[in-house]
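> First the structure, which I've put down as structure tokens, then a few questions once you've had a look.
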Amino acid sequence: MAARSISPRRSLCPSVQLLQLARKWSRPPLQNLLAVQDPTQDLTFTNLEVTALRTYFQPFDRPQ
């Protein structure tokens, strides 16, 4: 994997070892989520983001 430029003076080269560990890592299903969705109604994408995040938590059909 080639290094990617993140600024004119710096670059990022992902670690292959970390990638391998992340692929092998297993964990129990996530059960708890605390999300403050959009209390002031001025955050454009928070409804979409929280809806997407809820699908990673079980049970995800809990009422809001």
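> PRE reach from A52 (point 7 Å along Cα→Cβ): which of region 16-38 fall under 19 Å by backbone N?
30, 33-38
> Another question about this same structure. Can you pull the one-decimal nm distance between simple spin-label points at S15 and D38, each 7 Å off the Cα toward Cβ?
My value for the distance between the label points is 3.8 nm.
> Under the Karplus relation 6.51 cos²θ - 1.76 cosθ + 1.60, θ = phi - 60°, what is the ordered set of whole-Hz ³J(HN,Hα) values for region 34-49, x standing for Gly and Pro?
10, 10, 9, 6, 6, x, 9, 6, 10, 9, 4, 9, 5, 4, 5, 5
Bear in mind these aren't lab numbers, they're just calculated from the coordinates by the rules spelled out. This one's a predicted model, so the numbers in the text were calculated from it and none came from an experiment. Reconstructed Cβ throughout: ideal geometry from the backbone, glycine too, with neighbour counts over all protein chains shown.
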